[in-house]
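Heads up, the thing below is written out as structure tokens.
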């Protein structure tokens, strides 16, 4: 059986790519190795309303879990700072329903979707799958971070995320906890789906994520677990090439998640959209240069931001708890007000720079990380 495009991976990037190609009248097959679109739900589900609008999504009642009004950041020593998030218009989406909503858009445009079907190999213009071989002019790899981790483990952190019922989860409040000993290079988080229900997770370099998460949960208080997910997250930034011959890579498989937080609904979704448009143009006129525009356009939109996030990550991975505590204790109300009023959830390195004190009163980060700071400011 032949298709114009076969897409391996039925998550955000793959489904947006399918929607864009199918709406131009081309035959598209999406294969997903899991038993259900949207499962397992690796993602925390945070995304800006403006990002969803750009992606062409109006969340349904099932898709929208929560609106975020504030974020509380905690240092290892217990200092807490709170950011007002109302200006950023951040929402929490139910990824199982969100992915299904995109899948429905793709299907309405003409794409065919099959679950419990995995990509085994690519042989020229053939996608060899668990359900047989499909010929295709373009094959899209949207299989997520796992395909990258197999090639380069240095770009991945181990993570664990539980969906829990707990009376200490507050609707509208995201919590982030830094501790270089417990979560080296990352943090723990609480993302509410509502009062008393949400996703609690940890990630870090060279840690047992399950043990770290369960210890964190024990310290928080009583809870009931309703779902557990263990998965690597990619924090090394985009791969060098998004296109190789007739293979196009999108989303987490292309390293399009944020190096600072590993969040990727918006940046990976845009990757899928841009890839789908480039593929459609290639199928229309047959020029390979059209495929190259996908990476060009994505890099123009996210390249500088991701480069700065990578420098910020290098700094954060080298912070010890004493330095983190010093930075937290020196954050001023004016800095918090500036961030709350002006910063974008999708492009947030300016907020990181302010929290590091580069444009405020503290000089700790500048003293220790002068060269990285200069790159962040550039």
Discussion item. On a full-extension model of 0.36 nm per residue, what is the gain between residue 133 and residue 70, subtracting their alpha-carbon distance, rounded to one decimal in nm?
Written reply: 17.8 nm
Item to complete: Divide by every residue of the chain the summed helix terms, -39500 (n - 2.57) for each DSSP H run of at least 4, and state the resulting mean residue ellipticity at 222 nm, rounded to the nearest 500 deg cm²/dmol.
Response: -11500 deg cm²/dmol
Fill in: Relative contact order (percent, whole number), the chain, Cα cutoff 8 Å, 6+ residue spacing
20
Practice prompt. Specify the inter-centroid distance of the range 287-329 and the range 66-86, based on alpha-carbon positions, in whole Å.
Written response: 22
Worksheet item: Between rounded, prolate and oblate, where does the range 198-272 land on the alpha carbon gyration tensor, with a ≥ b ≥ c its root eigenvalues, rounded for a/c under 1.5, else prolate if a/b exceeds b/c?
Response: prolate
Practice prompt. Quick one: grab the alpha carbon gyration tensor of the range 1-55, order the square roots of its eigenvalues as a ≥ b ≥ c, and give me rounded if a/c is under 1.5, else prolate or oblate depending on whether a/b is larger than b/c.
Written response: oblate
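Please arrange 95, 322 by how many other C-beta atoms lie within 10 Å of their C-beta, fewest to most.
Working: 95 23, 322 12.
With the fewest neighbours first, 95, 322 line up as 322, 95.
Can you put 210, 335 in order of Cβ neighbours within 10 angstrom, beginning with the fewest?
210, 335
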Worksheet item: Can you sort 15, 73 so the residue with the fewest Cβ neighbours within 10 Å comes first?
Response: 73, 15
Practice prompt. Just the number, please: percent antiparallel of the DSSP beta bridges in the chain, rounded to the nearest 5.
Written response: 70
Discussion item. Could you work out how much longer the chain between residue 121 and residue 153 gets when fully extended? Use 0.36 nm per residue separation minus the Cα distance between them, nm to one decimal.
Written reply: 9.4 nm
Practice prompt. Compute the long axis of helix 12-22 from its Cα atoms, compare it with the longest principal axis of the Cα atoms of the chain, and write down the angle in degrees, 0 to 90, nearest 10.
Written response: 30
Item to complete: Enter the Cα centre distance for the pair the range 1-38 and the range 164-233, rounded to the nearest angstrom.
Response: 32
Worksheet item: Points 7 angstrom from Cα along the Cβ direction at residue 214 and residue 53: gap in nanometres?
Response: 4.5
Worksheet item: Helix 333-342 versus the longest principal axis of the chain: what is the Cα-based angle in degrees, 0 to 90, to the nearest 10?
Response: 20
Worksheet item: To the nearest 10 degrees, how steep is helix 95-108 against the longest Cα principal axis of the chain, on a 0 to 90 scale?
Response: 30
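Here, each number is a calculation from the coordinates, and none is a lab measurement. As the structure is a prediction and not an experimental result, all values here were calculated from the model. Note that we place each Cβ from the backbone using ideal geometry, even for glycine, and neighbour counts take in every protein chain shown.
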